[in-house]
Amino acid sequence: MRILVTGGCGFIGSALVLHLVRDLGHEVCTLDALTYAANPVSLEPLKDSGRHRLAEVDICDRDAVRGTFAEFRPQAVMHLAAESHVDRSITDPGAFVRTNVIGTQVMLDAARELHAALPEAEKKEFRFLHVSTDEVYGSLPPDGFFTEDSRYDPRSPYSASKAASDHLARAWHETYGLPVLVTNCSNNYGPRHFPEKLIPLMILNALEGRNLPVYGDGMNERDWIHVEDHAKGLVAVLERGRIGQTYLLGGRAVRNNLSVVKALCAAFDRLRPEAGPHERLITFVADRPGHDQRYAIDCTKAERELGWRPQKVFEDALTETVRWYLGNEAWWRPIREGRYKGERLGLKAAG
């Protein structure tokens with residue numbers, strides 16, 4: 001199958017593209033603007049496969065997107081390209097509206113144009129999978145879980161822009177008949193994660209003996225899914241999901257932020273005991289504005305309908321993630337010394 005993946009040089013996108021090409025044998029075109037969080041090095045294992053190509057294209061560039069569709073003629077689209085860091089959205093919300101809202105509209109229009117021109121048999125097989133986040137649902141009460149019927153209640157510029165893109169995807173299905181599927185996932189972790197997010201930031205700070213900054217009291221809760229489990233879930237939705245439906249993909253691993261950081265410290269104490277104990281590096285800093293208290297996903301629908309379920313055990317996979325960063329300095333060192341040095345973002349509005 002020919003699959004167009006947007007954002008394929010990013011964290012989740014690269015895991016997905018590697019799975020599609022290496023494990024499943026699909027032909028993939030990665031469409032990526034190669035902004036700060038993208039890293040083409042992540043896809044270097046595919047350079048000799050003959051089944052992968054990279055198109056450096058901004059999803060907001062209508063002509064370039066249409067040209068890529070016309071040349072590659074995908075049989076499916078998996079749309080992951082997005083601005084995704086909450087702290088950055090606080091500082092520069094306009095970039096999030098542009099990419100996540102306008103860019104999604106451009107992608108939907110290009111897919112609709114291609115879909116309309118397909119022969120009837122190919123039209124029935126075409127799919128547009130829009131990949132989103134559980135943050136669109138806002139904050140949960142203690143012990144609560146999101147389901148596909150949860151009410152939208154975004155609290156940050158990032159989650160508001162993703163909520164808008166979700167609604168656009170569903171509207172293109174209802175209005176134009178585009179065969180759309182939507183997924184909302186919990187927090188991802190694993191290798192090749194840009195180090196502005198909690199887990200990779202803590203790993204690199206611990207590796208360098210720097211403070212491990214925890215927002216507020218560290219009791220904010222998140223459901224964690226390994227990026228490889230997520231990639232397999234996305235493929236399951238693409239292959240077996242019902243058109244027009246939404247599927248929530250989570251890892252059934254709800255942890256508060258402080259416990260995650262302590263688990264990372266424990267992993268470092270095992271792998272780099274000479275620098276321990278690493279918990280001495282934990283520091284508490286001012287909380288993020290509008291910081292949601294709890295996200296947690298009930299992924300029963302995906303498990304029941306698709307036969308998919310998360311396989312990774314959180315603490316074990318977290319240790320393996322630490323081990324990956326220890327063994328892949330060539331991947332993260334250029335980022336740490338160039339695009340992002342670990343500074344805090346989102347403390348105040350730009351301008």
field: Single condition P74 does not satisfy, out of (1) of a type outside the set (D, E); (2) buried (at least 23 other Cβ atoms within 10 Å of the Cβ); (3) in contact with a helix residue (DSSP H, G or I) (Cβ under 7 Å, 6 or more places away or on another chain)
entry: (3)
message: Cβ-Cβ distance below 9 Å, separation of 6 or more or different chains: which pairs start in region 132-153 with a residue that is in contact (Cβ under 8 Å) with a residue 60 or more places away in the chain and buried (at least 16 other Cβ atoms within 10 Å of the Cβ) and end on one that is in a helix (DSSP H, G or I) and of a type in the set (F, W, Y)?
response: E135/Y158; F146/Y137
query: Can you spot a residue in region 315-324 that is within 25 Å of V235 (Cα to Cα) and either outside any helix (DSSP H, G or I) or among the aliphatic types (A, V, I, L, M) (or both)?
result: yes
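Report yes if some residue within region 208-217 is part of a helix (DSSP H, G or I), among the polar types (S, T, N, Q), out of contact with any His (no Cβ under 7 Å at 6 or more places or on another chain) and surrounded by fewer than 22 Cβ atoms within 10 Å (Cβ to Cβ); otherwise report no. Working first, answer last.
Residues of region 208-217 part of a helix (DSSP H, G or I): none.
Scanning region 208-217, I find no residue that is part of a helix (DSSP H, G or I), among the polar types (S, T, N, Q), out of contact with any His (no Cβ under 7 Å at 6 or more places or on another chain) and surrounded by fewer than 22 Cβ atoms within 10 Å (Cβ to Cβ), so the answer is no.
Does R73 satisfy being among the basic types (K, R) and at negative phi? Explain how you work it out, then say what you get.
Numbers: among the basic types (K, R): yes; at negative phi: no.
No; evaluated as a whole, the condition is false for this residue.
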message: Regarding region 164-178, can at least one residue be identified that is in contact with a strand residue (DSSP E or B) (Cβ under 8 Å, 6 or more places away or on another chain) and β-branched (V, I, T)?
response: no
message: Tally up the residues in region 187-207 that are under 23 Å from P273 (Cα atoms), surrounded by fewer than 24 Cβ atoms within 10 Å (Cβ to Cβ) and under 13 Å from the mean Cα position of the chain (by Cα), please.
response: 1
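Criterion first (surrounded by 24 or more Cβ atoms within 10 Å (Cβ to Cβ) and within 24 Å of L207 (Cα to Cα)) does H230 satisfy it?
Judged against the criteria, H230 is not a match.
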- prompt: Of (1) touching an Asp or Glu at 6+ places or on another chain (Cβ under 9 Å); (2) not in a helix (DSSP H, G or I), P289 satisfies all except one. Which?
  reply: (1)
- request: Give me the pairs, please: first residue somewhere in region 34-45 and part of a helix (DSSP H, G or I), second residue anywhere and among the β-branched types (V, I, T), beta-carbon distance under 9 Å, and either six or more positions apart or on two chains.
  value: P40/T30; S42/V17; L43/V17; L43/V21; L43/T30; P45/V21
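Every residue, every condition in (1) at pLDDT 95 or above; (2) at positive phi; (3) under 18 Å from the mean Cα position of the chain (by Cα), yes or no:
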{"residue": "V17", "(1), (2), (3)": "yes, no, yes"}
{"residue": "R22", "(1), (2), (3)": "yes, no, no"}
{"residue": "K47", "(1), (2), (3)": "no, no, no"}
{"residue": "D58", "(1), (2), (3)": "yes, no, yes"}
{"residue": "D61", "(1), (2), (3)": "yes, no, no"}
- request: Can you run down the residue pairs with Cβ atoms below 9 Å, 6 or more apart or on separate chains, where the first is in region 249-263 and in a strand (DSSP E or B) and the partner is aromatic (F, W, Y)?
  value: L249/W308; V254/F145; V254/W224; V254/Y295; R255/W224; R255/F314
- request: All but one of (1) under 21 Å from S186 (Cα atoms); (2) at pLDDT below 95 hold for V254, so report the exception by its number.
  value: (2)
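Applying the selection to region 86-99, what residues are of a type outside the set (D, E, K, R) and surrounded by fewer than 21 Cβ atoms within 10 Å (Cβ to Cβ)?
Here is the first cut: in region 86-99, the ones of a type outside the set (D, E, K, R) are 86, 89-91, 93-97, 99.
Scanning region 86-99 gives T91, P93, G94, A95, V97.
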message: Looking at S132 and the list (1) closer than 26 Å to A286 by Cβ; (2) among the small types (G, A, S); (3) in contact with a helix residue (DSSP H, G or I) (Cβ under 9 Å, 6 or more places away or on another chain), which single condition is not satisfied?
response: (1)
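The values are calculated or read from the model by the stated rules, or taken from the named source; none is laboratory data. Since this is a predicted model, take the numbers as computed values, not measurements. All Cβ positions, even for glycine, are placed from backbone atoms using ideal geometry, and neighbour counts span all protein chains on display.
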